Amino acid sequence: MSSFTEKDVQLLQLAYYFVSDCQYQFISTREAQDEIWLGNPKHPEYPIIRLSQTRLSTVFFDKTRILKIHQAIRNLFRRNCDLLDIHLSDEIVEDQEEQIDLVTISPQTVSDPQLTAVFPGIDHAVQPIQDPQQEYDRITQKLSELQRQRAHSTQKKSPLQPPKATMILMGICIAVYLLSLVFTFMFKNLGGSGEVSVAVAVLLGGYYKAFVVGANEYWRWLTSAFVHVDFLHLLMNMMALYNMGMLCEKLFGVRNYLIVLFGSVLFGSAFVFLGSGNVVAMGISGGLYGLLAAFLVYGIQTRILFQPQLRTQFLLILMINLMISLMPGVSLAAHFGGFVGGLLISVVLTRNDSWAQLRKNTMVALCVAVVFIGLKTVEPKARELDAIYPGTDRMIVEMLRDLHLDFYGDHLSKKMVETYVGSSL
């Protein structure tokens, strides 16, 4: 005697239609056994579908649970959309629920004829069943074969797809590092190895407050992220960038990933400018802390960080990075600024409806922070230099002239003389 009813098999028939003809995937919810959840984040109208054997009246009593699952999947897909809730029934849909598009379907009818325009052939997806056990075995076998084919096709197309934007960023950082080695060797006679390395870092775009203040080179707030003149520093940052970048680029998309990364770099540089003296700073660490903050926001939004194992792992990574920030020679201001920037920007970029008010408040906070940084940046006190290094300046100017960039060297010389003459030092 078969353990499957006709409706059990018809539910699978309908699921097979969406999976085979409409590119949907099964979503495991570990909830009720008389329903199937399907997802296709690329579908323009219905990224999320629920198939159910129950009568329409059950939706009213089960609405809280259904919408909770729907919200979790929406957060995962980062899509604002209603739920298409299809019931195996010949009932007439009289009233619709908020956020839920109710449809009934049977071998004879589809309650919403317009659905056939969105999903051609759906009116023939459910068929009468003669032998439920035999039909169940046939459909499950076809589903298994379809899943195997898709998995094989995906592996064949891209067995390892590296994060392109991250790889380009890493390539730039490595290229700048190699160039720094060339310049350090070229100009080794200008001074000690440490002095030459610092000058080369500034030459290649590193943050140097004297040039930012004296020559208004605020572009160094961004370009400093790509500068590394120490191999260990480069290696640690590239390993972190690859791991965090690979994850965040996939989760957020290239555009939002780069917005968070570069926005965090700028915030980190701004904190260094306002909180530190005339220092030379370099490295993409501020951006990495911004990505860490963005992943924290994502983990809270999707509730994946409420899983004990993932939460413990994330806290461990956070503690390790905090300990690194407290080490000598590491800019705590850049790391803290990058984390704050990443936190604000990533909340603004969320698409979770339940976070709408938080998103608005964070947008206001972000605008206030940008205006505050802008106003503080132009204040005379913020532009004061606690120390000057004319030897480093002269070395950089000599390098520029040796590279036949006299116009830039002369420009810097003029600007720095004007700055130092007006300085109280």
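Scanning segment 255-272 for residues that are open to solvent by 30 Å² or more (accessible area, probe 1.4 Å) and of a type in the set (Phe, Trp, Tyr) yields a count of 2.
When segment 30-66 is limited to residues that are touching a Ser or Thr at 6+ places or on another chain (Cβ under 9 Å) and of a type in the set (Ser, Thr, Tyr), the one that is modelled with the highest pLDDT turns out to be SER52.
The helices (runs of 4 or more DSSP H) found wholly in segment 152-251 and carrying at least 2 residues that are touching a strand residue (DSSP E or B) at 6+ places or on another chain (Cβ under 7 Å) and within 17 Å of LEU400 (Cβ to Cβ) occupy 193-203. Counting the residues of segment 73-108 that are under 20 Å from PHE18 (Cβ atoms), open to solvent by less than 50 Å² (accessible area, probe 1.4 Å), in a loop (DSSP other than H, G, I, E, B) and in contact with a strand residue (DSSP E or B) (Cβ under 9 Å, 6 or more places away or on another chain) gives 4. I need a count of the residues in segment 261-289 that are part of a helix (DSSP H, G or I), under 16 Å from MET236 (Cα atoms) and among the small types (Gly, Ala, Ser). Residues flagged as part of a helix (DSSP H, G or I), under 16 Å from MET236 (Cα atoms) and among the small types (Gly, Ala, Ser) within segment 261-289 amount to 3. Within the set ALA387, ALA334, ALA369, ALA365, the sole residue that is touching a strand residue (DSSP E or B) at 6+ places or on another chain (Cβ under 9 Å) and open to solvent by less than 80 Å² (accessible area, probe 1.4 Å) turns out to be ALA334.
Inside segment 337-351, can you point out the residues that are within 11 Å of LEU292 (Cα to Cα) and open to solvent by 20 Å² or more (accessible area, probe 1.4 Å)? Answer for segment 337-351, where residues must be within 11 Å of LEU292 (Cα to Cα) and open to solvent by 20 Å² or more (accessible area, probe 1.4 Å): PHE339, VAL340, LEU343. For segment 210-254, the candidate set comprises residues that are surrounded by fewer than 20 Cβ atoms within 10 Å (Cβ to Cβ) and among the small types (Gly, Ala, Ser); within that set, the residue that is modelled with the lowest pLDDT is GLY253. Counting only residues that are without any contact (Cβ under 8 Å) to a residue 12 or more places away in the chain, closer than 17 Å to LYS209 by Cα, assigned to a helix (DSSP H, G or I) and not basic (Lys, Arg), segment 376-425 holds 2 of them. For the residues SER193, SER111, SER144, SER180, the requirement of being open to solvent by 30 Å² or more (accessible area, probe 1.4 Å) and within 24 Å of ILE284 (Cβ to Cβ) singles out SER193. Restricting attention to segment 33-61, the residues being aliphatic (A, V, I, L, M) and open to solvent by 20 Å² or more (accessible area, probe 1.4 Å) number 2. Of all residues in segment 326-351, those being modelled with pLDDT of 75 or more and more than 15 Å from LEU296 (Cα to Cα) number 6. Which of the residues that make up segment 113-123 are in contact with a Ser or Thr (Cβ under 9 Å, 6 or more places away or on another chain) and either part of a strand (DSSP E or B) or modelled with pLDDT of 90 or more (or both)? The one that is in contact with a Ser or Thr (Cβ under 9 Å, 6 or more places away or on another chain) and either part of a strand (DSSP E or B) or modelled with pLDDT of 90 or more (or both): ILE122. Cβ separations smaller than 7 Å between residues 6+ apart or across chains give the following pairs from segment 32-59 residues that are part of a strand (DSSP E or B) to residues that are among the acidic types (Asp, Glu): ARG50/GLU35; ARG50/ASP85; LEU51/GLU35; SER52/ASP34; SER52/GLU35; SER52/ASP85.
The values are calculated or read from the model by the stated rules, or taken from the named source; none is laboratory data. Just so you know, these numbers come straight off a predicted model, no measurement behind them. Positions of Cβ are backbone-derived with ideal geometry, glycine not excepted, and every protein chain shown enters the neighbour counts. Side chains are part of the model used for accessible areas, which takes the heavy atoms of the whole protein and leaves out ligands, DNA and RNA. Shrake-Rupley method; radii C 1.70, N 1.55, O 1.52, S 1.80 Å.
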